[in-house]
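The values are calculated or read from the model by the stated rules, or taken from the named source; none is laboratory data. Just so it is clear, the model here is predicted, and its values are computed rather than measured. Glycine also receives a Cβ, built like all others from the backbone with ideal geometry; neighbour counts cover every protein chain displayed. Keep in mind that these areas ignore ligands, DNA and RNA; they rest on the heavy atoms of the full protein, side chains included. Shrake-Rupley method; radii C 1.70, N 1.55, O 1.52, S 1.80 Å.
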Amino acid sequence: MRVLFSSTFGYGHIFPMLPLARAFAAAGHDVLWAVCADAAHLPTAAGIETTAAGLSGASLHEARQPVLALAEDVAPADRASFVFPRMFGEALTPPMVADLLPLAQQWRPDLLVHENGELASAVVGAVLDVPSVTHAFGGAIPPHFLSDAGDRLGPLWAAHGHELPPYAGCFTSLYLDICPPSVQTVPTDHIGASQPLRPVADTGPEPTELPDYLEDDGRPLVYLTLGTVRNHSPVLRPAVEAIAQLPVRVLVTVGPDGEPETLGTQPPNVRVERWVNQPQVLQHCSVVVSHAGSGTFLGALALGLPQLCLPQAADQFRNAAGGGGRGAALVLTPPEASADAVAGAVTRLLTEDSFRGSAALVATEIAGMPSPADVVEDLVRRFEPSAG
């Protein structure tokens, strides 16, 4: 079976699909990944054959910046509904179709798998009469985000001889849902056929030598990250300073483009890094403090770790609401995230057993979801041409 994966530029859109792509390859299927050139190193590092498609570099920057600039005037919790249709729909989909369609016509996939922010695959699937499966990158995207994006893409669908399907064509075949139901905050009754898929952290092989910042000295480890996009948020420095005053070890990441020096001189119990092997780090944590990006949020829950969510944008507010509603997390919105509030929240997460107990229940839920290998078998049964 030939499977063509496609994704946009974001780490958080790519990493959730890597386990499924690797499972397809391990089962002997042909896998190709189409992604913007700026992010092609991510699937390549996972051993997946990769090709560039869509905007990248200066062209991607020019497409994103006007949308992001306008979004600065929108309340943080409302920015996702403003940005998604304009960026992932109107700005990024037409150039992605322009690259993805001829690629698919030449490579002839049996199945297309795209993350929920990449909307070109649905168009290509309709043109080639190939099933296009939507892979969640976290919780479900609110349906009006997708409807608004679809409205902006109607002329593109018409230009390729097809009528616009509901929700920008995302749910015409199957939806792969990596979000455990207990922390899902968006109703999913608008989605047709759905297949649960266990979220698995996959950033490549784990180092054999334990980094010195993970060596246990008897104090709990608090991991603080704001991801790779919002890692310059003004909340980061006061959060570091607040947690550093507690009787804990603190590991902070500032992102591949961040500079540890910008946080100033730190006390001995604080370590600042650009990047760490997050799945490895999470295995040694007591509490996670993050922006509630889907990868970090689900990765911590999978290990039963209590979290302090400091949502900044995008789906982070929905994730935070899910964790808080389940009792597995505390949430501080940008206006609430003072140093005192952060220190108080982390102290509660370390000392009140209810948060860890609730997180452990979600971890059990995640462990019971079908593995990527199991889902590959299901997808082959559903979509392999010889199976029909």
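Below, the figures for the structure above:
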{"read-out": "Filter pass, Gly138 being touching a Pro at 6+ places or on another chain (Cβ under 8 Å), of a type outside the set (Val, Ile, Thr) and closer than 30 Å to Gly47 by Cα", "value": "yes"}
{"read-out": "For Leu32: the one exception among (1) at pLDDT below 95; (2) of a type in the set (A, V, I, L, M, F, W, C); (3) assigned to a strand (DSSP E or B)", "value": "(1)"}
{"read-out": "Cross-chain or 6+ apart pairs with Cβ under 8 Å, segment 67-78 first and farther than 20 Å from Arg318 by Cα, then in a loop (DSSP other than H, G, I, E, B) and at pLDDT below 85", "value": "none"}
{"read-out": "Subset of segment 121-163 [open to solvent by 10 Å² or more (accessible area, probe 1.4 Å), more than 20 Å from Ala104 (Cα to Cα) and among the hydrophobic types (A, V, I, L, M, F, W, C)]", "value": "Phe137, Phe145"}
{"read-out": "Tabulated pairs, segment 42-56, first touching a residue at least 12 places away in the same chain (Cβ under 8 Å), second among the charged types (D, E, K, R) and surrounded by 15 or more Cβ atoms within 10 Å (Cβ to Cβ), C-beta under 8 angstrom, 6+ apart or interchain", "value": "Ala46/Arg22; Ala46/Asp202; Gly47/Arg22; Ile48/Arg22; Ala52/Asp99; Ala53/Asp99; Gly54/Asp99; Ser56/Asp38"}
{"read-out": "Segment 352-388: number of residues that are in a loop (DSSP other than H, G, I, E, B) and of a type in the set (Gly, Ala, Ser)", "value": "3"}
{"read-out": "Residue match in segment 263-277 (condition: under 19 Å from Thr347 (Cα atoms), touching a Cys at 6+ places or on another chain (Cβ under 7 Å) and not aromatic (Phe, Trp, Tyr))", "value": "no"}
{"read-out": "Test: residue in segment 329-351 that is free of Cβ contacts under 8 Å to residues at least 60 places away in the same chain, closer than 29 Å to Gly218 by Cα and among the acidic types (Asp, Glu)", "value": "no"}
{"read-out": "Options Leu164, Leu176; residue that is touching a residue at least 24 places away in the same chain (Cβ under 8 Å), of a type in the set (A, V, I, L, M) and not in a helix (DSSP H, G or I)", "value": "Leu176"}
{"read-out": "Residue in segment 1-14 that is surrounded by the most Cβ atoms within 10 Å (Cβ to Cβ), counting only those that are out of contact with any Asp or Glu (no Cβ under 7 Å at 6 or more places or on another chain) and under 17 Å from Pro279 (Cα atoms)", "value": "Ile14"}
{"read-out": "Given (1) crowded, with 20+ Cβ neighbours inside 10 Å; (2) of a type in the set (A, V, I, L, M); (3) out of contact with any strand residue (DSSP E or B) (no Cβ under 7 Å at 6 or more places or on another chain), number of the condition Ala45 does not satisfy", "value": "(1)"}
{"read-out": "Neighbours by Cβ (under 7 Å, 6+ apart or cross-chain): first from segment 366-388, free of Cβ contacts under 8 Å to residues at least 24 places away in the same chain; second among the aliphatic types (A, V, I, L, M)", "value": "Arg381/Ala387; Ala387/Val380"}
{"read-out": "Qualifying residue in segment 279-298 (condition: at pLDDT below 95, surrounded by fewer than 16 Cβ atoms within 10 Å (Cβ to Cβ) and closer than 30 Å to Leu42 by Cα)", "value": "yes"}
{"read-out": "Options Arg108, Arg79, Arg152, Arg86: the member that is charged (D, E, K, R) and under 16 Å from Ala34 (Cβ atoms)", "value": "Arg108"}
{"read-out": "Residue within segment 273-290 that is touching a Ser or Thr at 6+ places or on another chain (Cβ under 8 Å) and without any contact (Cβ under 8 Å) to a residue 24 or more places away in the chain present", "value": "yes"}
